[in-house]
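Shown next, in structure tokens, is the structure this report addresses.
Computed from the coordinates by the stated procedures, all read-outs in this text should not be read as laboratory data. If you're wondering where the values come from, they're calculated on a predicted model, not measured in any experiment. Cβ atoms come from the backbone with ideal geometry, glycine included; neighbour counts cover every protein chain shown.
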Amino acid sequence: MVYMKKFKSTRYLLLIAILGVLVVAGCVVPGVGDMTAPSIDLVSPANLAANAVINTKIVATFSESMDPATISATTFTVTRGGTAVAGTVSYAGTSATFTPGTVLLGGTTYTATVSTGMKDVAGNALASAYSWSFTTGTILDTTKPTVGSPLPLPSATAVAINTTVSAIFSEPMDPLTMTTANFTLKKGAEIIAGAVTHIGNTVTFTPAAGLTATTVYTATITTGVRDLAGNAMAAAYVWTFTTGAGADATAPTVTSTVPVNAATGVPVNNNITATFSEPMAPLTLNSVTFTVKQGTTPVTGTVLYAGTTATFNPAATLAGGTVYTATITTGAKDIAGNALAVNKVWTFTTVALVAGPAPVLLGSSSNFTILAKTTVTSAGATVITGNVGVSPAAATFLTGFSLTLAGDHATSTQVVGGGFLYAADMAPPTPTVMTTAVADMQTAYTDAAGRAAGAGANLNLGAGTIPPSTTLAPGTYTWGSTVQMPDGVTLSGGANDTWLFQITGDLNLASAKAVTLAGTAQAKNIFWQVSGQATFQSGSSFKGIILSQTSVTLVGNAILVGRALAQTAVILGSGATVTAP
């Protein structure tokens, strides 16, 4: 009996010792060490996306490596209404991909779901099932992806020998094609060993060892990479850079944030951004390293990185009169692998909402004063304060501006206040930025149109013709027809009050008439959802954000204080003025 007790005791001590060795060696034993549930970092198509292409694959990217054995057609499903969509499921890197058996139906809403049956390599399951929905358009994606924003920059010199190499594509890419066969780094003819990681439209090559000092390297991304519709690049993308004498050991810093720390009165539909002191490794900026919380409750959103700026885009409007805390952790690293020395933490307080509906979330389309899909036309002598964009149309559809191209943007004497002009065919990352902005514009339109209709006096006011001397309080106003403003209208309320106008037909403001603001009402809090055309006659003055399913026209010297976000065209008469709110 004594012998058996000693044997058991020795066996337990041996087991503990083995576990200790495994932990010290860096191995992960299920239930030991890694106890953190994985989360979803990014999905494509995006949640609530409108006009998704019908030949797309559906992708969910996780915060860490997953157990491939748990990723299957059982744990990753796509449905149309209550009908399951047939397809196959694959896994690569940190992304699970659902490939539909046939092209999706046009004009249809689909829901993708990742179940808690998915587990990371340590055996931790998702804390809860994750579902998102998107609506298809009617077109096939046949556009070839392009590469831009490479790091290190082409022909760069004195590059740190501990650098990583990355590039941003013009659109989300197929994870299965992001391999060391399709993304290579060479020193002369010597192939450098390394690993390729990918999320969304960003890919990174991490060398297995430090690079050689003062040496030329060649990075190549081949035509073997494909977008989620299966389109390959037109040609391989190749660039070179030269290393310096040593490694980069300097930690990056956050140089500025929006909102600034302790800011008050922040709009509830605001994005949150952080700008860094140097280029960062794009894949280290995600929903794990960049978070926003209300108290201890996380805010759902997506994280985008471009240039030296990371942006957190909330999935829904923030709560009014509420303190939020934004954090970027030391998991964020520069391209040499140096982490922030300490977490960057800042707080801000949103405005207290008083009256009216929740603001319409514009996403990245709020970066534009004018945004259209087919054309933006100026008859001359127009003045626009803020950015102008068109996509998927090319720069040739920005007419009447006398453009001066400057790489990823253009300038014009008619666009002032630090604004630029952007089009889908300009240098990366503009194509991706424009695609996202147009998608956000369409999502905002869908949101505004889908809100509950105004009731009582707010429903079909004036049978579509707004009576003279009408003053409207904050609220939702709905018409099932065209709306005429022969004498203008007054909107009276506080600085944080909101208005939503839902118009099934056209919107017309008569010559020399105005939408007038009373009290402390602000144009940025007024949303006009117009299914038809919005037309403002010569000499008129309009206020608010226009979300038009077709076009916006300013005749002659009409004035708009707000934004013209149109799903076809924006047409500006001679002398028209558009100013961001």
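Here is how the numbers come out for the structure above:
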read-out: Relative exposure of Arg451, Arg226, judged by other C-beta atoms within 10 Å (fewest first); value: Arg451, Arg226
read-out: Percentage relative contact order, the range 267-398, counting C-alpha pairs under 8 Å, at least six apart; value: 22
read-out: Proxy reagent accessibility, fewest Cβ within 10 Å first, across Phe312, Phe368, Phe348; value: Phe312, Phe348, Phe368
read-out: Length added when fully stretched, Ala406-Ala518, from 0.36 nm per residue minus Cα-Cα; value: 36.2 nm
read-out: In Hz, Karplus ³J(HN,Hα) per residue of the range 439-447 (6.51, -1.76, 1.60; θ = phi - 60°; x = Gly, Pro); value: 4, 5, 4, 5, 5, 5, 4, 4, 4
read-out: Long-range amide H partners of Ala315 with built H, under 5 Å; value: Thr300, Gly301, Thr302
read-out: Amide hydrogen neighbours beyond the local backbone of Ser541, cut-off 5 Å, H modeled; value: Lys513, Ala514, Val515, Ile559
read-out: Cα→Cβ-extended label distance, 7 Å offset, between Thr142 and Ala125, nm; value: 4.6
read-out: Long-range amide H partners of Leu472 with built H, under 5 Å; value: Thr490, Leu491, Ser492
read-out: Computed [θ] at 222 nm, helices only, for the chain once each DSSP H run of length n ≥ 4 contributes -39500 (n - 2.57); value: -2500 deg cm²/dmol
read-out: Cut-off 10 Å between beta-carbons: net charge of the residues surrounding Asn338, Lys and Arg +1, Asp and Glu -1; value: -2
read-out: ³J(HN,Hα) computed for each position of the range 417-433 - Karplus, 6.51 cos²θ - 1.76 cosθ + 1.60, integer Hz, glycine/proline x; value: x, x, x, 10, 10, 10, 9, 5, 9, 7, 4, x, x, 3, x, 5, 4
read-out: Flagged links, alpha-carbon separation over 29 Å, of Lys57/Lys543; Lys373/Lys543; Lys373/Lys524; Lys119/Lys293; Lys144/Lys543; value: Lys57/Lys543; Lys144/Lys543
read-out: 3J(HN,Hα) from dihedral phi, the range 184-191, Karplus parametrisation 6.51/-1.76/1.60, rounded to Hz, x for glycine, proline; value: 10, 10, 10, 10, x, 8, 7, 7
